[in-house]
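J.: Pasting a structure below so you can have a look.
None of the figures in this text is laboratory data; all of them are computed from the coordinates on show. Because the structure is a prediction, the values reported are computed rather than measured. Here the Cβ positions follow ideal geometry from the backbone for every residue, glycine too, while neighbour counts run over all protein chains shown.
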Amino acid sequence: MKKVWFLGLGLSLALVGCSDSGTDEAKKDETSNATEENTNVAGDLMDFYLNLTTTVNGVDIDLNGYEEAMAGEAPPAGEELEKMKEAAAASATESAKAVEGMEIPEGLDDQKEAVESFKSTLKESFDMKAEALSKEGETDLAAANEKLNEAENQIKEILDEAGLVSSSLISDLNG
């Protein structure tokens, strides 16, 4: 009877040992899959960010030129200023359209809401700049620049959550 009992105990331990090793393999697979997903998310997020900044930089040249000129020691005046404002307003409008048209990669489903919010904030910043530049008289871009800072903070948070080093959106767009 003792032999049967020891044999049953031995088989039970053997079965538990086999099932544990299967659990370890499953854990390794889950960890591997999670790492792969994080890598894919990070890659998709970086692709999105780089595409966004490259696309916007292709259309915001006149806007950046205007802002640089106005920050300089001798800002333009008169007819030159009006031409720059007009070109900058068109550039800001095109930048807003470019941001709106950016597709969010499918791999960013979990971050989609945050990325959509970021896009909306960034687009709003460009819309505000276009509106301010279209008005007669002195142009005040302070509110639009605050909105741009808000967008920068949003993308920094998204990049940080994905384990990526965040850069300055403002520098990437104005650089």
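J.: If I model the stretch 74-175 as equal point scatterers sitting on the Cα atoms and use the Debye formula, what is log10 I(q)/I(0) at q = 0.14, 0.16, 0.20, 0.23 Å⁻¹?
T.: Each listed q maps to, in turn, -0.59, -0.73, -1.02, -1.24.
J.: Label points 7 Å out from Cα along the Cβ direction at THR54 and GLU100: separation in nm?
T.: Result for the modelled spin labels: 2.4 nm.
J.: Shifting gears a bit: Which of rounded, prolate, oblate describes the stretch 68-107, given a ≥ b ≥ c as roots of the alpha-carbon gyration tensor eigenvalues and a/c under 1.5 marking rounded, otherwise prolate only if a/b is larger than b/c? Can you show the working numbers first?
T.: Details: a/c = 9.26, a/b = 2.69, b/c = 3.44.
It is oblate, given that a/c is not under 1.5 and a/b is not larger than b/c.
J.: Among the listed pairs LYS85/LYS156; LYS97/LYS147; LYS112/LYS135; LYS129/LYS156; LYS85/LYS112, which are separated by more than 26 Å between their Cα atoms?
T.: The pairs that break the limit, which is 26 Å between Cα atoms, are LYS85/LYS156; LYS112/LYS135; LYS85/LYS112.
J.: At R0 = 22 Å, how high is the FRET efficiency between GLU131 and ASP110 if r is their beta carbon distance? Nearest 0.05 is fine.
T.: 0.05
J.: Given a Förster distance of 22 angstrom, what is the FRET efficiency for ASN64 paired with SER167, based on the Cβ-Cβ distance and rounded to 0.05?
T.: Working from the Cβ atoms, E equals 0.80.
J.: OK, next. Work through the residues other than PRO105 whose Cβ is under 11 Å from its Cβ and net out their charges, Lys, Arg +1 and Asp, Glu -1. Before the final figure, lay out each step's value.
T.: On the way: positive: LYS112; negative: ASP44, ASP47, GLU103, GLU106, ASP109.
Residues close to PRO105 contribute a combined charge of -4.
J.: What nm value, rounded to one decimal, do you get for the distance between GLU73 and SER120 when each label is placed 7 Å out toward the C-beta?
T.: Going from the GLU73 label point to the SER120 one covers 4.5 nm.
J.: How much length, in nm to one decimal, is gained on full extension between GLU86 and ASN174, taken as 0.36 nm per residue of separation minus their Cα-Cα distance?
T.: Values: separation 88, 0.36 × 88 = 31.68 nm, distance 1.85 nm.
Net length gain for the segment: 29.8 nm.
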